[in-house]
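Worksheet: the structure to be examined is printed underneath.
We did not get these values from a lab; they are worked out from the coordinates using the rules stated. Keep in mind the model is a prediction, meaning the values are calculated, not measured. In this analysis, Cβ positions are derived from the backbone assuming ideal geometry, glycine residues included, and neighbour counts consider all displayed protein chains.
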Amino acid sequence: MGRHADTTSARRLPARPAPVALVVALVVLALVAGGLVWWLAGSGGGCDETRTVRVAVAPELAPVAQDLLAEPQDLGGGTCAGAEVTAQEPLQAVGDLQALEDEALPQVWVPDSSLWTVRATDAVLDASGSMATSPVVLGTSQGTVDELGWGAQPPSWAEALSGVRPVAVPDLAESAEGLSALAALRTSLGGDESADNAVVQAVLAARRGPAVSPADALQAAGSGAADAPLVPVSEQEVLATTRESADSRLVPVYPSEGSPQLDYPVLRVGTPSDEERSAVDAVVRTLTSETARTAVLGAGFRDAEGTAPTDAGESVPQEAPETVDVDAEQVQSLLTELSRLAAPSRILTVFDISTSMEAPAGDGTRATLARDAAQSTLTLVPGNFALGLWFFARELEDDRDWVEAVPTRALESEVDGSSQRDLLDAELDTIPDRLSPGGTGLYDTTLEAVRAAREDVDPNAVNSVLMVTDGTNDDDGTSLDALLQTLRDEADPERPVKVIGVALGPDADMAALERIAEATGGAAYSAVDPTDLQGVLFDALRQR
């Protein structure tokens, strides 16, 4: 039981007045102290005028920026800089920079990557350092890493994105991580045309696989499943996810060549007035200060020098991975190409089945190579593409040089219990058995194919005819000049159809295909070595 004072027996002593000198001294001291406090507040926290700086920050870094800029910053003379911090997705910020008036734009912008600056073509941007960094990794489960042996030997970007596991490709228009991962793949393969094809194939393969969103992929990886998909993601997001869930089995995979970096640049926007500039300068100094560095490390980011995040755990290396440089202009070109590929296509494919296709090529004949290349390319084509199939030689049906094998339909269409893709695959398989003597009716077939495609045109798609031949026209029908003139005369701007010509082998009439392609706004490709046909077919499809 606690003690209580005995107030009944305690003797109360009368209060003694303080000496006058002491009272005066205390009053003076209080006044001086009060004046000192007022002076400090006036110089550091008392703001007669606050100049507000509009700041837009990538959502994952916005809480750090809000904490750093929570208090006004003294500019001297009773003026302070305040900050209005908005968490904004970089894509939305790019749209604002292109569309809004200056007074509605942020004055400081911190996106997740400098890649976005290329897309903000009309904005005046001045880079003023980096607030944080985070390597782009492949997030997956510990079970997948163990199953594939990646713990002992990390994969290259090409190996990881080859289809060994499904890849949850994010919306590339919105994701710097996804674009950076594909750019790293392109760089690791040499950055040439074949590398471009590999990147597009990786994207198409991901789209052809089971549909999985990045969020679902991260959840599956967190469960530890040995068949978890891969998702391009920042190291910081992996850390944030595992910190939220102590039992998460999500881990980052660092490909052997290194990783591209999210560099979180601090960008001044526009041209501020002299009054605005001092406030903007104060905000920029805060976001790039030592205090900011400590804050971002605690939030799971690295600093500009690559210092490991605070309490990162065993799955995150202390040393930053080798940086894979990513060229923003090349990434923009890649994005444009992928966006173009995402547009729906309607393609009538027309294969030469004249007996010249029996010529030896590789381990088989031109016919077997054409079959294999076409079937392989078909597996990569998105389901929203519409494809049809004709075969041609000379006088296949009475005096007609061509025959329709499969009408043009979307690959995801169901026809009598089978998909359009399966129907095309089955018909392509018959190419070696269909070879017909009598020559090649190239010009008549081209004209009729273009007419058929125009009658079947989809105004919302890219409409084209893909002609694959190993020979020259030896039919007595339409001449080349007559064909070209007719194609020009019948061209309809409301229903454009391009011809894509593929010359297979050294005997094909490449010159004629080039003139036909030029007359229709298409393109012509040469596979002098027939074993290159798959790459040529895919490249033709990619750049349709």
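Annotations for the structure displayed:
- In degrees, nearest ten, helix 20-40 long axis to first principal axis of the chain (Cα): 10 degrees
- Under 5 Å from the amide H of Ala228 lie the amide H atoms of Ser141, Thr144, each residue being 5 or more positions distant or on a separate chain, with H modelled from the backbone and absent for Pro and chain starts.
- Listed peptides 288-299, 522-533, 366-377 appear in the order 366-377, 522-533, 288-299 once ranked by packing, highest mean of other Cβ atoms within 10 Å at the front.
- Helix-only [θ]222 nm of the chain, DSSP H runs n ≥ 4, -39500 (n - 2.57) each, per residue, nearest 500: -11500 deg cm²/dmol
- Amide H partners (placed H, <5 Å) of Thr86, local residues excluded: Val55, Ala56, Val57
- Around Ala228: net Lys/Arg minus Asp/Glu count, Cβ-Cβ under 13 Å: -2
- Quotient of Cα Rg and 2.2 N^0.38 Å for the chain, N being how many residues it contains: 1.41
- Percent of C-alpha pairs per 5 Å bin, region 343-542, short to long: 1, 8, 17, 22, 22, 17, 9, 3, 0
- Cα lying deepest toward the dipole's positive end in region 421-541, options Ala517, Leu480, Gly438, charges on Cβ: Ala517
- From the largest down, region 134-260 spans 44, 31, 27 angstrom on the principal axes of its Cα atoms.
- Under 5 Å between amide hydrogens, built in the peptide plane, is the criterion, and for Val462 it picks out Ser345, Arg346 among residues at least 5 positions away or on other chains.
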